[in-house]
Amino acid sequence: MRTTLSLDSDVAAQVEHIRRDKNISLKMVINEALRQGLRQMLSKPAKRNPFRTKTVSLGQCNVGSIADVADVLDLDNDGDQLT
């Protein structure tokens, strides 16, 4: 089959790099790239285990209440240690 392809400049540069590196024709590079890409596109994605976040205890809050952020920040500005 004969067709015309319009390649983006980054793709064309990579194709040219492979062509020179392997000393093969443009046709061979394009056909192999398409074969690999199509094979990957047609294959089912690998099954992944769901990501789980482990919980940890942070202990007791070192300030009475964190409902008012300004009060907590004021404690830190006074030089008091929060931890």
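The values are calculated or read from the model by the stated rules, or taken from the named source; none is laboratory data. Quantities reported herein were computed from a predicted structural model and do not represent experimental measurements. Glycine gets a Cβ as well: all are built from the backbone with ideal geometry, and neighbour counts include every protein chain shown.
What the table shows:
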read-out	value
Pairs where the first residue, in region 22-39, is within 18 Å of Arg2 (Cβ to Cβ) and the second is outside any helix (DSSP H, G or I), C-beta under 8 Å, 6+ apart	Ile30/Leu5
Residue in region 49-65 that is on the phi < 0 side of the Ramachandran plot, part of a helix (DSSP H, G or I), out of contact with any Phe, Trp or Tyr (no Cβ under 9 Å at 6 or more places or on another chain) and without any contact (Cβ under 8 Å) to a residue 12 or more places away in the chain present	no
Where Ala70 falls short, out of the listed (1) surrounded by fewer than 11 Cβ atoms within 10 Å (Cβ to Cβ); (2) outside any loop (DSSP other than H, G, I, E, B); (3) at pLDDT 90 or above	(3)
All positions within region 29-43 that are surrounded by 10 or more Cβ atoms within 10 Å (Cβ to Cβ) and out of contact with any helix residue (DSSP H, G or I) (no Cβ under 8 Å at 6 or more places or on another chain)	Asn31, Glu32, Leu34, Arg35, Gln36, Gly37, Leu38
Residue list for region 47-67, restricted to those being among the β-branched types (Val, Ile, Thr) and modelled with pLDDT under 85	Val63, Ile66
Complete set of residues in region 15-28 that are surrounded by fewer than 10 Cβ atoms within 10 Å (Cβ to Cβ) and in a loop (DSSP other than H, G, I, E, B)	Asn23
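Residues checked against (1) of a type outside the set (Gly, Ala, Ser); (2) touching a Lys or Arg at 6+ places or on another chain (Cβ under 8 Å):
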{"position": "Val15", "(1), (2)": "yes, no"}
{"position": "Asp21", "(1), (2)": "yes, no"}
{"position": "Ser25", "(1), (2)": "no, yes"}
{"position": "Gly37", "(1), (2)": "no, no"}
{"position": "Met41", "(1), (2)": "yes, no"}
{"position": "Asn49", "(1), (2)": "yes, no"}
{"position": "Lys54", "(1), (2)": "yes, no"}
